[in-house]
Amino acid sequence: MNGFPSMAALCYVLSTVLYGVYLFRQKDVLQKAGFILAASGFGIHTLDILFDFFRLGYLPLVNLRNTFGIASWSIALVFILFRLKTKIKVMGIYAAPLVTLVYIASLNLPDISRETSGVFKSSWLVLHVIMAFIGEAALAMACGAGILYLIQEHAIKSKKRGFFYSRLPSLEQLDAAGYTSIVVGFTVFTVGLIVGLVYAKMVWHRFADWDPKEIWTGISWLVYAALVHERIAAGWRGRRAAIMAIAAFALLLFSFLGVNMWIGGHHGGFVQWKM
């Protein structure tokens, strides 16, 4: 095994620590250093994925360890882009620990080998998986913005304002960031699903076969579609939008992981973890 995973993990852990200290100390140099370390971890993580891709000849996504690795990479990517495009510095207190937790979990799962077929070597599959994961990562950021919104709202309504009031952005900023993340995530996720449908037609000669994963993913897609529609048509925003962003992501998380582990289906191989 190469040393990339250990180096990436170290960068992610240190980034999490610095963002944690930044939450208390509010020194701008801390969040800048935390962001640089997160970006460095992402760069090393990318090299590790590419190393495995060229070594194996296909995207390393054949078990739960690989799945968690790609998931953490996607969250790190979206967080970096989010930070570069917005002024919300404090989002790292949510994103950095999430990336670290998922990545460390991946490194501690068994690297189960299994026979692969041409299915794993298709560029269509790579595009489907990457687009879906990046879309889900953006929706994870929307969930984080929703959590921070509720915390800030509680701080504003309390008489003493409290610890978080001066440390979190305004409700308007968090609401806008959450909605932007949902729109971007929903769009990219939708493209990923379309690519998956086309690829399924090419490989299995049908767009779908009512696999449990496909059903629950479709339900999650409909929930986010309703969220976007209600924002545009009914002006959903604020507390309601924040709660819905959190609930929708919980459903998406279940369709991503829970369905494969507890219900089964032909996607279950991607989260194989038992010896």
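What is the gain in length, in nm to one decimal, between S170 and A234 on full extension, counting 0.36 nm per residue of separation less the C-alpha to C-alpha distance?
20.8 nm
Match the structure shown to one of the listed values (1) 0.98; (2) 0.96; (3) 0.94 of Rg/Rh (Cα atoms, Kirkwood Rh), computed from it, and give that label.
Looking at Rg/Rh (Cα atoms, Kirkwood Rh) for this model, the match is (1).
Which value, in debye to the nearest 20, gives the size of the charge dipole of region 27-126 about its Cα centre, when Lys and Arg are +1 and Asp and Glu are -1 at the Cβ?
440 debye
Contact order normalised by length for the chain, with contacts defined as Cα pairs under 8 Å and 6 or more residues apart; what percent is it?
Worked out over the chain, it gives 20 percent.
For the chain, with only Lys/Arg (+1) and Asp/Glu (-1) charged at the beta-carbon, what is the dipole magnitude about the Cα centre, in debye rounded to 20?
For this selection, approximately 980 debye.
Among the listed pairs K27/K87; K32/K87; K27/K85; K32/K157, which have their C-alpha atoms separated by more than 24 angstrom in this model?
K32/K157
When a footprinting reagent is the concern and you count Cβ atoms within 10 Å, what order do M141, M7 take, fewest first?
M7, M141
On a 0 to 90° scale, report how tilted helix 238-253 is relative to the longest principal axis of the chain, with both axes built from alpha carbons and the result rounded to the nearest 10.
20 degrees
Mind listing the phi-derived Karplus ³J(HN,Hα) values for region 128-141, rounded to whole Hz, using 6.51, -1.76 and 1.60 with θ = phi - 60°, and x for any glycine or proline?
So the J values, rounded to whole Hz, are 4, 5, 5, 5, 5, 5, 5, x, 5, 5, 5, 5, 5, 5.
Please work out how much length the chain gains when fully extended from L150 to S6, using 0.36 nm per residue of separation minus the C-alpha to C-alpha distance, in nm with one decimal. Provide the component values of the computation, followed by the final result.
Values: separation 144, 0.36 × 144 = 51.84 nm, distance 3.52 nm.
So the extension gain works out to 48.3 nm.
Among G57, L84, S74, whose Cα sits farthest toward the positive end of the charge dipole of region 1-114 (+1 at Cβ of Lys/Arg, -1 at Cβ of Asp/Glu, about the Cα centre)?
In region 1-114, that residue is L84.
Relative contact order for region 122-266: what percent, with Cα pairs under 8 Å and sequence separation of 6 or more?
Relative contact order, region 122-266: 34 percent.
None of the figures in this text is laboratory data; all of them are computed from the coordinates on show. Keep in mind it's a predicted model, so treat the numbers as computed, not measured. Note that we place each Cβ from the backbone using ideal geometry, even for glycine, and neighbour counts take in every protein chain shown.
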